[in-house]
Amino acid sequence: MIVTVIGCDDRPPSRAAAEALAGASTVVGALRHLAAVPVPETAGRIELKHLGEALDALTRSPGPAVVLASGDPGFFGIVRALRARGIAPAVIPAVSSVALAFARLGLDWDDALVVSAHGRDPRKALAAALAHPKAAILTAPGTATALGAELLAAGKTVRVVQCLGTPQEKIIQLPATTEPADPSILIALDDQPHDGQPHGEPRWLAGHQGAPDGWALPEDAFTHRDSMITKTEVRALVLARLGPGPGRVIWDVGAGSGSVAVECARFAAHVIAIEADQDQCDRIRQNAATHRVRVRIRHGRAPEALEGLPRADAVFAGGGDRAVLEAAIQHADPQRIVVTLAAVSRVAETAALLTAHGYQAGGVQLQASRLAPLPGGQHRLAAQNPVFVLWGNR
């Protein structure tokens with residue numbers, strides 16, 4: 001089957017697009033796209049309302065076909081759906097809606113994270129945008145207002161670029177007196193970058209900058225109180241079990257100085273640090289600023305402080321207090337939970353608690369011995385206190 005996908009914007013069809021349309025026996029598209037191009041009178045028309053139904057009708061149509069789509073149909077667009085059905089289309093793209101949105105705002109965007117909440121879980125798109133200093137969110141109908149409110153609450157500057165390429169095109173800054181129209185793109189910005197990349201410095205990788213150049217940082221990379229910090233070797237395993245990354249929400253309950261929270265944020269996770277001690281909250285804020293990451297801080301004591309927080313994909317709880325763990329599981333319903341313990345007596349009861357809540361429990365004891373200098377250029381092994389790391393996976 002010969003299928004040509006044509007991207008549509010506010011410009012007339014290109015010569016190649018006009019030729020494909022002239023030879024088409026079937027044309028698929030939204031009503032606004034069908035009205036904007038010269039569809040042959042002899043061609044059948046399939047309105048693109050529900051993607052599955054339209055593609056079913058397309059596969060039954062005879063002869064060459066054209067599919068009309070907004071912007072660049074290979075970028076979060078219909079090309080993937082066609083290829084999933086075994087159709088390898090020719091593609092004539094227009095300017096992508098994201099490129100057009102940033103152009104309307106006069107912004108560069110090689111440092112922007114582009115996420116989609118259209119036909120996908122909006123929680124992941126929101127979490128990724130909250131953790132990144134510049135993000136574009138492709139919204140589903142009716143979702144722009146709620147997503148914008150969350151971004152505003154996090155201190156972002158939020159602009160809505162709506163109805164691109166149509167007479168109704170408009171740019172508004174939230175909060176606004178009117179509801180954003182569909183379709184729209186949210187552009188969320190921080191006043192200052194927090195991804196380790198100063199303004200104006202050339203970049204080599206678009207969007208998210210990948211994993212940090214090192215993790216399980218030494219203790220002296222953080223401000224902390226009397227060595228009250230998750231040790232480097234322990235933190236390395238905790239990070240591996242939590243699995244931080246873009247689009248993931250992670251709670252650090254009883255965060256202390258926030259070393260685990262900050263390290264998760266360096267992997268671009270949206271991190272919430274819950275801590276009862278105000279001085280420690282100040283240290284978390286300082287450590288996040290030092291490492292140029294965003295960490296949301298909730299001052300308060302669990303379980304009360306967990307009320308109203310967004311669900312977490314993973315939870316870290318140092319100390320393993322039973323009431324805190326119960327509350328974290330109840331409020332976050334995480335797929336993963338990681339606990340560190342110093343007392344042997346707490347290991348069995350914590351593993352049993354995880355199992356009782358439907359988790360597959362595992363764990364290890366970690367005891368590292370670090371190289372320490374001796375006179376004469378020799379070294380000894382300095383033993384660190386043993387720590388139990390337990391985890392549960394659903």
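Among the residues of the stretch 324-335, just one is out of contact with any Leu (no Cβ under 9 Å at 6 or more places or on another chain) and open to solvent by less than 60 Å² (accessible area, probe 1.4 Å), namely 334. Regarding residue 219, is this residue under 20 Å from the mean Cα position of the chain (by Cα), of a type in the set (Asp, Glu) and on the phi < 0 side of the Ramachandran plot? So residue 219 fails the test.
Each row is one residue, and each column tells you yes or no for (1) under 25 Å from residue 156 (Cβ atoms); (2) basic (Lys, Arg); (3) free of Cβ contacts under 8 Å to residues at least 12 places away in the same chain.
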{"position": "228", "(1), (2), (3)": "no, no, no"}
{"position": "246", "(1), (2), (3)": "yes, no, no"}
{"position": "251", "(1), (2), (3)": "yes, no, no"}
{"position": "259", "(1), (2), (3)": "no, no, no"}
{"position": "273", "(1), (2), (3)": "yes, no, no"}
{"position": "285", "(1), (2), (3)": "yes, yes, no"}
{"position": "302", "(1), (2), (3)": "no, no, no"}
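Screening residue 213 with (1) open to solvent by less than 50 Å² (accessible area, probe 1.4 Å); (2) over 25 Å from residue 304 (Cα atoms); (3) of a type in the set (Asp, Glu) gives one miss only, at (1). So, in the stretch 267-290, of the ones that are more than 25 Å from residue 304 (Cα to Cα) and under 13 Å from the mean Cα position of the chain (by Cα), which residue ends up surrounded by the most Cβ atoms within 10 Å (Cβ to Cβ)? Filtering the stretch 267-290 for residues that are more than 25 Å from residue 304 (Cα to Cα) and under 13 Å from the mean Cα position of the chain (by Cα), the one surrounded by the most Cβ atoms within 10 Å (Cβ to Cβ) comes out as 268. Taking the criterion of being within 23 Å of the chain's Cα centre (by Cα) and not aliphatic (A, V, I, L, M), the residues of the stretch 72-98 that qualify are 72, 73, 74, 75, 76, 77, 80, 96, 97. Of all the listed residues (100, 126), the sole one being of a type in the set (A, V, I, L, M, F, W, C) and touching an Asp or Glu at 6+ places or on another chain (Cβ under 6 Å) is 126. Reported count of residues in the stretch 134-155, each being part of a loop (DSSP other than H, G, I, E, B) and either surrounded by fewer than 21 Cβ atoms within 10 Å (Cβ to Cβ) or at pLDDT 95 or above (or both), is 6. Here residue 120 does not fit the description of being open to solvent by 70 Å² or more (accessible area, probe 1.4 Å), assigned to a helix (DSSP H, G or I) and of a type in the set (Lys, Arg).
Taken over the stretch 356-380, the residue count meeting the criterion of being under 30 Å from residue 315 (Cβ atoms) and free of Cβ contacts under 8 Å to residues at least 12 places away in the same chain is 1. Given the condition open to solvent by less than 50 Å² (accessible area, probe 1.4 Å), among the charged types (D, E, K, R), in contact with an Asp or Glu (Cβ under 9 Å, 6 or more places away or on another chain) and in a loop (DSSP other than H, G, I, E, B), answer yes or no: does some residue in the stretch 103-114 qualify? Yes, because at least one residue in the stretch 103-114 is open to solvent by less than 50 Å² (accessible area, probe 1.4 Å), among the charged types (D, E, K, R), in contact with an Asp or Glu (Cβ under 9 Å, 6 or more places away or on another chain) and in a loop (DSSP other than H, G, I, E, B). Of the strands (runs of 3 or more DSSP E) lying entirely inside the stretch 1-83, those containing at least 1 residues that are of a type in the set (Val, Ile, Thr) and closer than 24 Å to residue 185 by Cβ span 3-8, 26-29, 65-70. Number of residues in the stretch 331-377 that are more than 21 Å from residue 249 (Cβ to Cβ), in contact with a strand residue (DSSP E or B) (Cβ under 7 Å, 6 or more places away or on another chain) and of a type in the set (Gly, Ala, Ser) equals 7. For residue 236, the conditions (1) surrounded by fewer than 23 Cβ atoms within 10 Å (Cβ to Cβ); (2) under 17 Å from the mean Cα position of the chain (by Cα) all hold with the exception of (2).
The values are calculated or read from the model by the stated rules, or taken from the named source; none is laboratory data. Fair warning: this is a prediction, and the values are worked out from it, not measured in the lab. Cβ sites come from the backbone with ideal geometry, for glycine too, and all protein chains shown count toward neighbours. Heads up: the accessible areas ignore ligands, DNA and RNA and are worked out on the full protein's heavy atoms, side chains in. Shrake-Rupley method; radii C 1.70, N 1.55, O 1.52, S 1.80 Å.
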